[in-house]
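Taking it in order: structure first as structure tokens, then the write-up.
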Amino acid sequence: MVAAAPGAAATPASVTVLVAVITSGVVAALITTVSGNMRANASLRRDRYAEAVRYLVAWGEYPYRIRRRTDDEPATRAALAERGHTLQEERAQIAGWIATDSRALVTVFDGCVRDISALVAPACVEAWSAPPVTTAAGMVLKDFGPREVGAIATRFQLATRYRFGVRRLMWSSWVLRRIGRG
């Protein structure tokens with residue numbers, strides 16, 4: 001057996017400490033980067049789902065815009081029609097994004113759009129059939145329009161909680177069962 005030279009035993013220990021310090025720094029940097037990316041992704045997801053709720057409310061409000069038009073000029077009708085087309089395009093874009101994020105939530109979103117559309121379609125027909133508003137008092141629509149849009153939008157908003165925190169790890173079938181298929 002060969003005897004170690006004096007001071008030789010200190011070198012491996014100092015190397016071990018140095019490696020541990022460097023490794024812990026790399027691991028800490030990696031954890032910081034990963035958690036920062038997770039926060040950024042959650043923030044983006046939150047913004048996109050808020051956009052989906054905003055869309056549902058805007059779609060429900062569309063008949064009110066038609067009903068509150070102040071004239072029947074071609075430019076006014078064209079602007080309202082363009083608003084309707086824009087909303088349809090937004091729906092396709094939002095549904096596409098949600099489908100890439102969650103099969104369960106796209107099912108809920110589609111159900112909410114279907115339910116709101118069932119309310120919006122007859123209200124739009126009624127709004128286009130009514131004369132333009134010519135007075136301030138005419139802007140008060142009393143019993144006109146879809147009434148359940150807020151509840152439907154809230155249903156989707158509550159379903160989005162399954163895309164955050166530990167719940168986002170649930171399988172789509174479990175999520176759909178818990179929220180009643182939207």
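Worth pointing out:
- For the range 111-151, a residue qualifies if it is over 15 Å from Tyr64 (Cα atoms), of a type in the set (D, E, K, R) and surrounded by fewer than 16 Cβ atoms within 10 Å (Cβ to Cβ), and exactly one does: Arg114.
- Of the residues making up the range 86-96, those that are surrounded by fewer than 15 Cβ atoms within 10 Å (Cβ to Cβ) and of a type outside the set (Val, Ile, Thr) number 5.
Each reported figure results from applying straightforward, stated rules to the coordinates on display, with no laboratory input. Keep in mind that this is a model prediction, so the values were computed, not measured. In this analysis, Cβ positions are derived from the backbone assuming ideal geometry, glycine residues included, and neighbour counts consider all displayed protein chains.
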